[in-house]
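Engineer: Before I ask anything, here is the structure I am working with.
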Amino acid sequence: MEETANKNSENEAATALGAASGGNELSLHPTEAEGSVNAPLFSSLYPSAAARLSACCHGGAKMAVLAYSLGKREINQYFSIKNAKILSLVAVILLTVFHSVSKYYGGGDTCEWLLSSGRFLGDSVWQPYGCMMHKYRSIEAKSCLGHKRVAFIGDSRIRQLFYSYIKIINSDVREEGNKHENIPFEDQSSSVNVDFLWYAEVNNSLKERLVAWTEDTTTKPDVIILGAATWSIKLHSGSSETLNQYRSNLSAIAHILEKLAEESDVYWVLQDPVYEEILSDNRKMITNQQIDLYNDAAISTLNSSKRNAKARVKILSASREAAMETISESVDGLHLPESTRSVGAMVLMNSVCNKILKPIDGSCCSPLPPPNILQKLSAFVFLVSIVIFVALNVLGYKKHHKSKLVSDVESGEEKKPTSAGLAGGLRSPLLAAKLLNREQTDEWKGWMQLVILIYHISGASAFIPVYMHVRVLVAAYLFQTGYGHFSFFWLKGDFGLYRVCQVLFRLNFLVVVLCLVMDRPYQFYYFVPLVTFWFAVIYGTLAMWPQILQKKANDMFVFIGSGFWHMAVLVKLLGLLFFICFFAYSQGLFESVFSVWPISTLFELQGSIHEWWFRWKLDRFAVINGMLFAFIYLVLQKCQVLSEGKGEPLFSTRISNCLLFISVVSFLTYSIWASSCKNKTECNELHPYISVVQILAFILIRNIPGYARSIYSSFFAWFGKISLELFICQYHIWLAADTKGILVLIPGNPMLNIIVSTFIFVCVAHEISQITNELAQVAIPKESGALLKRLLGTAGFLLAILLLSMHGQGRY
């Protein structure tokens, strides 16, 4: 981990020198130190840095430090974020071309990908390449198959598939049917009929059954699944004549199957491998070589006519692909083990039902919905913007402007330009020694965001101890929101409309664009509505009469005493606490308030306010905890109770050691409690009250020791500066299907895929962060008149969006 105490230290050589001489860094202008590693030249360019180098190092060590520092700077000139973005753009273009060519030549039918192309992940999970499977529950299966007939035709292997299929509909079903007879199944609640028909070979009996269905459409199944081969191999000892007869019989029924496929879904199941070593003597002739020959015959014979592309028999090979990895677990060497047997059934359910129910995480066999009017308008705006941008660049028009200070949405502090002067570099180490300084909060947000990303992509939410610790991280984000905004308003007293609009724009710009482009509700990106809501609450609490600021408390100290004003702030916070508790214990009132139009359009998800209620209630005290902590800290700081000099502990040695001991014990106690959680619902009930324990423990552990307080990780701080964009962009760039899956850019190579997608994801998030900051300066003018006009225009724009979205949903 790279550690530093000065965010304005642009020169890496000076940073290394500062570390070697006790951590007192010297900030040099970024355009300096461009030359080669030459001691006289370095001494002439940076006399003070050279003096420090002479004081701390001698001989070879001196030249080693110098060579490392300047060498690192030379490397950074090529491995910059700008070059990384160019590389990511090239990668996106190449991947787009690759997938376009693959789709053109390999077919873009996600149903084929579902049935035949993918990998087995274990525990009955099949992951197709290029699309996602939905895990169907009983109620969904009944809804999809209601009033439908499904027929499974074949031998004992198809019977095994039949039982796996009906267990999705009714998990209580037992395999009690006779081995070589037909087995009916009916779910009366949904009028679903699923039958197993015993036809162990492809022969005239099977042909007659299929012909009967073509002649009597009243008995024809809506879904037909069939397959057979092992009995033919077994009865005729795998002779070549039998294989030829098998191929001939398949040719005789191929056109019948295609005719049935005009109105029904018809699937041919390829034969699974066998585990030859444990086959019984009367099955020894069923070898994998024979099975491959019979599968090849089926693939080459079925759909060979190509008369009607829509009336094709679908080939199911997913269960075979999965069985190749698990057949050694088979009990008899012929039938599938428990770990694989439900793969084929779930694949079939997705193939039949995805196009009907359209689950979010079931993209296989699910056609893309046509773009709505808002998406079309958004595409038009983006196209016009691109044309204007290209035209201006072709004409040579480039607008140069100086970088302005941009307020951070969490802390309320102003972001300094990346190239700071020497004076700024000398002041920064003193600022960095303060509790929860800007660099430290960026570092905190950075590593928390990386943990949350890993948590999402690994699916660790099923592990309750991990889930509870991640809940603390989300609470810590909201804690920082309360701490940062309270500190800003208390110290600066800036309740102006410009400041409010800046924060709201930077929080919501990306989400609003995604809502329009991706056709997602605002509440889908739940963290942004949560932070926006709490910012409005903080603003309203502190801006309403009487506005109590630190300056007012100091000015009135002579007449009334600062204690009075401090007590008034506590009364305000107590009122806010009462407000929170009132809503937390009145769910009906909460839902009635947020169900009123147009507020409901911001907080409803799938027509319900329940998700917003859950998110709000879960961390309802985090923000007020942050506000209270900020107030106590700022008062103690003003009273000079804290020792915030560099390298000094916050309190006296005895008090600092005592608080550190209590913090460590508290931190570990929470972790032990979280590790013992057995039920999410019960632990979530306690979370709002006790999450602050681990948050405060971390803050004290991180800030009481002077050395720990004055350093930070620039690596994590870099991610912290784009944490909001990382959190939002993961929904569509890193993850897939609304966070239910992982975006696959490079099929068949998970490790390389995650490396490439992560690289592109981070570069996009950083670029969006910069774009948002630049647009905030342009879109939010400081002049009151111009700002009010922009706000009226924005209100009209948002109202038009609401009306169009209601029109698209048919809610007029």
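Engineer: Counting only protein heavy atoms and using a 1.4 Å probe, what share of the accessible area of the stretch 148-203 belongs to carbon plus sulfur, as a whole percent?
Structural biologist: Working: 920 of 2560 Å².
The value for the stretch 148-203 is 36 percent carbon and sulfur by accessible area.
Engineer: A further question on this structure: Tell me which residues come under 5 Å, amide H to amide H, from residue 316 once H is placed; ignore anything under 5 positions away on its chain.
Structural biologist: 268, 269, 270
Engineer: Around residue 740, with a cut-off of 14 angstrom between Cβ atoms, what is the net charge of the other residues, counting Lys and Arg +1 and Asp and Glu -1?
Structural biologist: Charge balance near residue 740 sits at +1.
Engineer: What net charge is computed for the residues neighbouring residue 214, neighbours being all others with C-beta under 12 Å from the C-beta of residue 214, Lys and Arg scored +1, Asp and Glu -1?
Structural biologist: Net charge around residue 214: -2.
Engineer: Using amide H atoms built 1.01 Å from N in the peptide plane, name the residues 5+ places from residue 735, or on other chains, whose amide H lies under 5 Å from its own.
Structural biologist: Here 743 satisfy the definition.
Engineer: Keeping every protein chain in place, order 156, 240 by accessible area at 1.4 Å, biggest value first, i.e. largest first.
Structural biologist: I get 240, 156, largest accessible area first.
Engineer: Over the Cα atoms of the stretch 490-546, what radius of gyration and what Dmax do you get, in Å?
Structural biologist: 13.5, 43
Engineer: A follow-up question, please. Too long at a 32 Å Cα-Cα cut-off: which of 259/376; 85/646; 721/782; 314/680? Working shown, then result.
Structural biologist: Working: 259/376 40 Å; 85/646 37 Å; 721/782 24 Å; 314/680 42 Å.
Where the Cα-Cα span goes over 32 Å, the pairs concerned are 259/376; 85/646; 314/680.
Engineer: Roll a 1.4 angstrom probe over the protein heavy atoms and tell me the percent of accessible area of the stretch 495-615 that is carbon or sulfur.
Structural biologist: Details: 4270 of 5810 Å².
Of the solvent-accessible surface of the stretch 495-615, carbon and sulfur hold 74 percent.
Engineer: Oh, and also: Collect residues whose amide H, placed 1.01 Å from N in the peptide plane, falls under 5 Å from the amide H of residue 201; neighbours closer than 5 in sequence don't count.
Structural biologist: Sorted by chain and number, the residues that satisfy this come to none at all.
Engineer: In sequence order, what are the phi-derived ³J(HN,Hα) couplings for the stretch 164-172 according to the Karplus relation 6.51 cos²θ - 1.76 cosθ + 1.60 with θ = phi - 60°, rounded to whole Hz, with x for glycine and proline?
Structural biologist: 5, 5, 6, 6, 5, 6, 9, 5, 8
Engineer: Quickly rank 581-594, 339-352, 116-129 as a protection proxy: mean count of other C-beta atoms within 10 Å, highest first. If you can, show how the numbers build up before the last one.
Structural biologist: Details: 581-594: 13.3, 339-352: 24.5, 116-129: 17.1.
In descending order of packing, they fall as 339-352, 116-129, 581-594.
Engineer: In what order, largest first, do 259, 220, 167 sit by accessible area if the probe radius is 1.4 Å?
Structural biologist: Ranking 259, 220, 167 by accessible area, largest first, yields 259, 167, 220.
Engineer: Something else now. What is the dipole size for the stretch 654-732, taken about its Cα centre, with +1 at each Lys and Arg Cβ and -1 at each Asp and Glu Cβ, in debye to the nearest 20?
Structural biologist: Value, rounded to 20: 260 debye.
Engineer: Also: Treating only the Cβ of Lys, Arg, Asp and Glu as charged (+1, +1, -1, -1), what charge dipole size does the stretch 591-675 show about its Cα centre? Round to the nearest 20 debye.
Structural biologist: Dipole magnitude for the stretch 591-675 comes out near 300 debye.
The values are calculated or read from the model by the stated rules, or taken from the named source; none is laboratory data. Source: prediction; values computed, not measured. When we count neighbours, we look across all protein chains shown, and the Cβ atoms used for this are built from the backbone with ideal geometry, even at glycine. With ligands, DNA and RNA removed, areas are computed over all heavy atoms of the protein, side chains included. Shrake-Rupley method; radii C 1.70, N 1.55, O 1.52, S 1.80 Å.
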